[in-house]
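Down below is the structure, laid out as structure tokens.
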Amino acid sequence: MKSPDRAPRKPRGADKECHPKQVVQPHKTALLTRLNRIAGQVRGISSMIEQDRYCVDILTQISAIQSALDAVSMQLLKDHTRGCVQSAIKSGDGEHAIDELMQVVRKFTR
């Protein structure tokens, strides 16, 4: 029996409501898969260092990890822009959302 003071729950992913603490990620599975792969690469680098592997090989792996993290970041940035920022603009809170977006973009251009 549903409680009368509770709003019905929306199905997961039914909308892209954005709150500072909680957001439904539209590409959650793909992002987690990429991050797990990256975690494995990081463990691989640790092993390479423990095994005294050639520096250039280690640096090559670090570069690959950085590229993989950049791809994750770009997907999140794209989803944030098309979801949270677009929603904020439509609801009249666009200035704040755009300012926040620009702060994040600045962090990536340093």
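How far apart, in nm, are two points set 7 Å out from the Cα along the Cα-to-Cβ line at GLN51 and at ILE89?
Each label point lies 7 Å from its Cα, and together they span 4.9 nm.
Accessible area of the range 22-70 with a 1.4 Å probe: how many percent of it is carbon plus sulfur?
So the carbon and sulfur contribution to the accessible surface is 55 percent.
Which FRET efficiency, nearest 0.05, do LEU31 and ARG110 yield, Cβ-Cβ r, R0 25 Å? Don't skip to the end; give the middle numbers.
Values: r = 23 Å, r/R0 = 0.91.
After rounding to 0.05, the efficiency reads 0.65.
So what's the net charge close to PHE108: Lys and Arg +1, Asp and Glu -1, counting the other residues with Cβ under 14 Å from its Cβ? Show your work: numbers first, answer last.
On the way: positive: LYS78, ARG106, LYS107, ARG110; negative: ASP70, GLU100.
Local charge sum for PHE108: +2.
In a shell of Cβ-Cβ distance under 15 Å around SER47, excluding SER47 itself, what net charge do Lys and Arg (+1) and Asp and Glu (-1) give? Kindly include the intermediate steps, with their values, before the conclusion.
Working: positive: ARG43, ARG53; negative: GLU50, ASP52, ASP57.
After counting each charged neighbour, the total is -1.
The values are calculated or read from the model by the stated rules, or taken from the named source; none is laboratory data. Every value quoted in this text rests on a predicted model; they were computed, and no experiment measured them. Counting neighbours? That spans all protein chains shown, and the Cβs are built from the backbone with ideal geometry, glycine included. The area values use the complete protein model at the heavy-atom level, side chains included, leaving out ligands, DNA and RNA. Shrake-Rupley method; radii C 1.70, N 1.55, O 1.52, S 1.80 Å.
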